[in-house]
Structure formats: C-alpha cells, structure tokens
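The values are calculated or read from the model by the stated rules, or taken from the named source; none is laboratory data. Because the structure is predicted, anything quoted here is derived from the model rather than measured. Backbone-built Cβ (ideal geometry, glycine too); neighbour counts: all protein chains shown.
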Amino acid sequence: MDTYGSLATLRHGFKCYGRTLRVAFFKAAHGLNPELEERYAKNRVGITRQLHFSARNEKSLDVVLSVNGIPVATVELKNPLTGQTVEDAMRQYRLDRDPREPIFDFKRRTLVHFAVDTEQVFMTTRLAGTATHFLPFNKATMVAREIRQTRTAAITARLICGRRYSNATSLLDMLARFLHLQIEAKRDDQGRKVKKETMVFPRITSSKPCAVWKPPRERKGRGIIISSNIRRAAARATQSAGSRTGSPRCTTRRNSAFLIR
C-alpha cells in the first residue's frame with residue numbers, strides 16, 4: 001500500500017514471490033461463477049469505534065470503516081444536543097488530526113474522512129491541516145422538511161448516503177467502481193514537471209444516477225437502434241444546423257438509447 005496505495009491494493013491485490021494475493025473480492029458482473037460469488041461473500045466490512053490511531057498520544061477516531069482489515073474511511077460524529085455540530089467536526093480534522101499520522105496518509109491508508117452531525121455531513125479526501133477543504137456530502141436540502149419533522153438517529157444514515165452507502169454491498173460497489181485517483185501532470189513556475197494527485201470520491205449527485213439509470217434498448221439486427229426521442233432530436237438539430245454557427249448541441253434524454261454496432 002505504501003507503493004501503490006490502498007485503493008489499488010484493494011482492487012488488484014499485491015505480488016509476493018511472483019504470486020498475486022488478493023485482499024478483497026468485488027461483485028462480479030454476473031452470477032454465473034459460484035466461486036466468485038463465494039469469494040465476494042467472504043469480504044468483511046468492519047466498523048470500529050474509538051480507534052486509537054497514534055503511538056504518541058491517546059487521541060482516537062469516533063468511527064473507522066475497514067474492508068478486510070484495511071481502513072478506508074474515518075468519521076467524526078457530533079451531536080447538536082451537546083453543543084457540537086458538523087463545524088466542530090471539521091475543525092477537529094483541521095486542527096487536531098495530524099496528516100502525518102500513518103492512518104491519514106493520502107491514498108496509502110484511509111481514502112475519505114467524514115464530518116457528521118444529526119443534520120449535515122461533509123467530506124474530504126485529503127487532510128492538510130488548516131488548508132483542508134471539505135465538500136458537502138448530504139441530502140439536507142432535499143430532506144429539510146423531513147429533518148424538521150423527525151429527529152431520529154436514522155436521519156444521519158439518510159443524510160450520509162440516502163440509504164445507498166449504509167450497507168457493506170454498497171460500500172464495496174463504491175470502492176470497486178466509483179473511486180478514482182486522478183493524476184495531472186503540470187509544470188511549475190520554474191518549468192519543472194510536477195504531478196498532482198486527487199482522490200475523487202463520489203457524492204450523491206454523481207453516483208446515484210450512474211447506479212439507477214438504465215437506458216431502454218431495442219434490438220434490431222446486429223446492433224441496438226437509436227430510440228425515437230434521439231432520432232427526433234437529431235432531425236431537429238440537422239434541420240436547424242444551417243442557420244446557426246458554432247458546434248451543434250446534443251441533448252440526451254433519460255429514456256434515450258445509443259447505437260452500438
């Protein structure tokens with residue numbers, strides 16, 4: 001993991017004396033291979049409370065999520081009833097969590113960090129002291145009325161994932177398909193080439209449509225024909241292309257299909 005990172009190790013395993021050892025198995029695209037299904041069922045997703053992460057002090061994390069013993073996410077929980085909110089959790093990550101600790105090592109250990117209270121959730125993939133940048137990871141705007149009416153512990157699970165990331169199957173699916181280590185090569189002011197790495201962690205707005213949307217398909221001959229909505233849109237764009245300048249726009253509807261040969 002120190003060489004390739006925890007995400008690559010979870011997905012592809014590692015080599016030892018010429019043999020590839022797998023540390024996790026993800027769901028196969030089909031259920032035709034019983035051996036793959038059996039290996040997938042043997043994964044163990046753990047939830048550890050009050051994990052002491054440093055040999056230099058007694059500080060601990062409220063919750064750590066792990067896959068087969070490999071930590072993948074940390075969570076700091078706050079309760080407004082005791083006078084603490086998500087802002088206190090983010091402040092704790094910025095000021096009280098040393099990014100030099102092994103468990104916070106970017107891409108090599110935990111992949112994401114959540115600041116959570118009973119109403120809001122924020123996340124970051126890299127701890128950088130006071131420069132740590134958090135992004136919203138909740139459905140607060142969409143369930144604001146529900147929050148006002150119902151103050152229960154289940155609200156937190158709904159805010160974090162809309163009941164999508166709240167079980168082991170969804171967490172493994174997210175690790176297998178949605179996380180992405182983005183690498184950009186740039187040049188600094190002195191002209192030297194530098195590499196910038198960013199861990200892209202899916203939020204509600206990006207992962208849910210990918211998981212839910214399935215285009216209707218109509219088979220004909222060797223391929224899949226384009227749906228009527230796309231044909232009509234393409235015809236309108238072609239007819240009006242002569243009267244406009246610049247690149248034509250293409251609008252894809254939810255019930256569209258694509259031509260695959």
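Structural remarks
- Residues located in the range 1-21, provided they are in contact (Cβ under 8 Å) with a residue 12 or more places away in the chain and in a loop (DSSP other than H, G, I, E, B): Met1, Asp2, Gly5
- Being closer than 29 Å to Ala8 by Cα and basic (Lys, Arg) is a property that Arg91 lacks.
- A single member of Gly13, Gly46, Gly31 is of a type outside the set (D, E, K, R) and at pLDDT below 90, and it is Gly31.
- Once the range 1-41 is narrowed to residues that are in contact with a Phe, Trp or Tyr (Cβ under 7 Å, 6 or more places away or on another chain) and of a type in the set (Lys, Arg), the residue that is farthest from Thr74 (Cα to Cα) is Arg39.
- If the condition is being under 16 Å from the mean Cα position of the chain (by Cα) and either more than 18 Å from Arg203 (Cα to Cα) or not basic (Lys, Arg) (or both), then the range 117-132 contributes Val121, Phe122, Met123, Thr124, Thr125.
- Residue within the range 39-57 that is under 21 Å from Asp2 (Cα atoms), crowded, with 17+ Cβ neighbours inside 10 Å and among the small types (Gly, Ala, Ser) present: no
- Where a residue in the range 176-198 is surrounded by 10 or more Cβ atoms within 10 Å (Cβ to Cβ) and its partner, wherever it lies, is hydroxyl-bearing (Ser, Thr, Tyr), with Cβ under 6 Å and at least six apart: Phe178/Ser207
Residue-wise test of (1) in contact with a helix residue (DSSP H, G or I) (Cβ under 6 Å, 6 or more places away or on another chain); (2) among the polar types (S, T, N, Q).
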position	(1), (2)
Asn57	no, yes
Val64	no, no
Thr82	no, yes
Val86	no, no
Pro99	no, no
Pro102	no, no
Arg109	yes, no
Asp117	yes, no
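- Ser66 passes every criterion in (1) outside any loop (DSSP other than H, G, I, E, B); (2) surrounded by fewer than 16 Cβ atoms within 10 Å (Cβ to Cβ) apart from (2).
- Verdict on Lys27 being surrounded by 14 or more Cβ atoms within 10 Å (Cβ to Cβ), of a type outside the set (Asp, Glu) and under 18 Å from Thr169 (Cα atoms): yes
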